[in-house]
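Structure first, commentary second.
The values are calculated or read from the model by the stated rules, or taken from the named source; none is laboratory data. All values reported here derive from a predicted model rather than from experimental measurement. Methodologically, a virtual Cβ is constructed for each residue, glycine included, from the backbone with ideal geometry; neighbour enumeration extends over all protein chains shown. Remember, those area values only see protein heavy atoms, side chains included, never the ligands or the DNA or RNA. Shrake-Rupley method; radii C 1.70, N 1.55, O 1.52, S 1.80 Å.
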Amino acid sequence: MAYRFVCRTVCISAVTAGLGACATTMTNEPSLSEVKILSEKYRDVNVAKAEGYKTDHKCTTAEMLGFPKEQGAMGLHYVRRDLLGLPPKPAPPASGRVHGTGTYTDFRHPSMLVYEPQPDSSVKLVAVENLVFASAWAAAGKKGPPTFHGHSYVLLADNPATKVDEAHGWEPHYELHAWVFRHNPNGMYAEFSPLVTCRYNKAPQTQPAAMSH
């Protein structure tokens with residue numbers, strides 16, 4: 001996809017971004033309002049499935065990754081394996097951890113969609129996300145974590161000294177959520193939301209495997 005540098009005034013409401021100001025920017029990054037508009041179609045999870053997003057039906061909570069339970073949950077992730085540099089079909093990696101080669105960070109078409117399971121077995125879109133494996137990012141000559149509008153991606157890596165797996169079965173990676181479909185009291189780019197629950201997910205709440213996040 002070709003990028004165009006656009007100079008414009010972007011006004012983002014406090015409800016959408018937690019900010020109350022307008023700023024003139026010159027950037028190749030989409031605004032949060034653009035990200036939301038471009039991802040609206042994925043409110044229908046069948047559209048996501050048709051475009052190649054897949055899930056293993058595991059729902060990620062803060063507690064699973066060793067964070068305080070009060071931080072809430074991420075939710076259920078639908079993943080575009082090709083955008084993450086993963087093989088088309090899940091296979092146990094030699095290291096026992098999921099490893100990818102992609103360095104994709106375009107929020108116009110996010111590599112991951114985050115849904116909240118509902119009591120009637122449906123799902124509601126709450127956020128979009130991009131994920132980059134740290135080794136692939138470094139191999140591409142990148143210094144420091146990826147950023148989006150000045151916000152650094154979060155680095156998740158397992159600490160062998162703890163009982164939980166902070167990287168949820170994946171190699172060290174950078175990730176960033178954008179909670180454009182549901183207000184998050186923790187912040188627009190926070191890892192978890194206290195307003196999201198995995199209570200109604202049908203799959204066991206265990207550490208995610210090769211497909212999930």
- Message: Past 23 Å, Cα to Cα: identify those pairs from LYS49/LYS142; LYS89/LYS143; LYS49/LYS124; LYS89/LYS163; LYS36/LYS89, in the order given.
- Response: LYS49/LYS142; LYS89/LYS143; LYS89/LYS163; LYS36/LYS89
- Across 5 Å bins beginning at 0, the whole-percent shares of Cα-Cα pair distances in segment 24-89 come to 4, 13, 15, 17, 19, 18, 11, 4, 0
- Sorted by packing (mean other beta-carbon atoms within 10 Å per residue), highest first, where do 63-72, 142-151 land? 63-72, 142-151
- From the Cα gyration tensor of segment 131-204, with a ≥ b ≥ c the square roots of its eigenvalues, which class applies: rounded if a/c is under 1.5, or else prolate if a/b is larger than b/c, or else oblate? oblate
- Please calculate how many Å² of accessible area segment 50-179 carries per residue, with a 1.4 Å probe and no DNA, RNA or ligand atoms counted. 43 Å²
- Stretch ILE37-HIS109 to full length: gain in nm at 0.36 nm per residue minus the Cα-Cα span? 24.8 nm
- Message: At 4 °C and a viscosity of 1.567 mPa s, what translational diffusion coefficient does Stokes-Einstein give for segment 83-190, taking Rh as the Kirkwood radius over Cα pairs? Give it in µm²/s as a whole number.
- Response: 85 µm²/s
- Message: To make sure I understand the rule: partners must be aspartates and glutamates, Cα under 17 Å from the Cα of LYS69, and not fewer than 8 residues away in the same chain. Which ones qualify?
- Response: GLU116, ASP165, GLU166, GLU191
